[in-house]
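Below is one structure; the comments refer to it alone.
Nothing in this text is a laboratory measurement; each read-out follows from the coordinates by a stated rule. Quantities reported herein were computed from a predicted structural model and do not represent experimental measurements. Positions of Cβ are backbone-derived with ideal geometry, glycine not excepted, and every protein chain shown enters the neighbour counts.
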C-alpha cells in the first residue's frame, strides 16, 4: 500500500510542538470545546444507559408486563427491544448534528491556529 504525497504546489501543514499542545489544552477555547462535548455526551450517555437498564430489568423481573401482547404476536418486550435500536440511531444522528454545529467549528479553529493557518 503506497502512501500518497501531496502535490508540489501544496505544502503540508506545520506540525505543532508539544508545548503548543499543552498551551492549547489549558486555553479557555479548548475548555469551552470540552464543555460543549461533555454537556451533550455525558447526560445522553447516562439517559441511554438508564433506558437500557430499564429494559433489562423489566425483561428479568416483569415478565408478565413484557409479555403483554400489543397486537398480533407483537408484545411489549419486542417493542422495547426495537426501541433500543431506534434510540441508538437517533442518538448517533443527534450527536452528528451537534458535532457539526457546535464542536467541529471550534475544533477546526483550534486546529488551523495550531497548524499556522490562521
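If each DSSP helix of 4+ residues adds -39,500 (n - 2.57) and the sum is divided by the residues in the chain, what number results at 222 nm, nearest 500 deg cm²/dmol? Can you show the working numbers first?
Working: 5 runs with 80 residues, N = 118.
Calculated at 222 nm, the ellipticity per residue is -22500 deg cm²/dmol.
With Cα Rg over 2.2 N^0.38 Å defined as stated, name the option among [x] 1.01; [y] 1.07; [z] 1.71 computed from the structure displayed. Computed from these coordinates, Cα Rg over 2.2 N^0.38 Å corresponds to label [z].
Extending 7 Å from Cα along the Cβ direction at residue 110 and again at residue 78 yields two label points whose distance is 4.7 nm. With the simple model of a label 7 Å out from the Cα in the direction of the Cβ, residue 71 to residue 39 spans 4.2 nm.
Modelled spin labels at residue 90 and residue 30, positioned 7 Å past Cα toward Cβ, are 3.6 nm from each other. For residue 23 and residue 97, a Förster radius of 25 Å and the Cβ-Cβ distance give a FRET efficiency of 0.20, rounded to the nearest 0.05.
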